[in-house]
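Trainee: What follows is a single structure, and I will ask about it in a moment.
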Amino acid sequence: MDSEQATKIFESLASGIRLDVWRLLVQAGLSGRVAGELAAELALAPNTLSFHLKGMVHAGLLSVTQEGRFLRYRANLPVMLLLIGYLTEECCAGHPQTCGIPSKLGCLPEQTDTTT
């Protein structure tokens with residue numbers, strides 16, 4: 001990950017609504033949620049939610065698949081782990097293992113490479 005991609009992700013999350021969407025999709029795991037469920041959960045108009053989802057998909061934070069007439073969104077957890085790796089790779093003079101950074105973050109397996 002480079003600074004341009006990291007900036008794009010941070011800009012994408014610079015909204016309370018988008019942070020709430022992100023957290024709901026992380027909670028949903030691999031099954032994700034359809035847009036209507038997200039709108040109902042967050043008490044948002046569908047067009048408002050659609051605007052935010054589009055920005056998050058564009059930044060690479062979400063993936064979307066068509067299921068009939070519904071769109072299912074999923075959090076792109078590997079991208080978030082790459083962002084965390086990017087933010088911490090220079091920790092403790094380039095030796096993050098000495099800073100106490102956990103090798104496992106959440107529900108994903110150990111991350112072995114953060115240098116993409």
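Trainee: With a sphere of radius 13 Å drawn around the Cβ of residue 65, what net charge do the other residues whose Cβ falls strictly inside it have (Lys, Arg +1; Asp, Glu -1)?
Mentor: Residues near residue 65 contribute +3 overall.
Trainee: How large is ³J(HN,Hα), in whole Hz, for each residue of the stretch 22-35 in order, when computed from phi with the Karplus curve 6.51 cos²θ - 1.76 cosθ + 1.60 and θ = phi - 60°, using x for Gly and Pro?
Mentor: 4, 5, 5, 6, 5, 4, 6, x, 5, 6, x, 9, 7, 4
Read the figures in this text as sums done on the coordinates, not as results from a lab. What you see is a predicted model; the values in this text were computed from it and never measured. Positions of Cβ are backbone-derived with ideal geometry, glycine not excepted, and every protein chain shown enters the neighbour counts.
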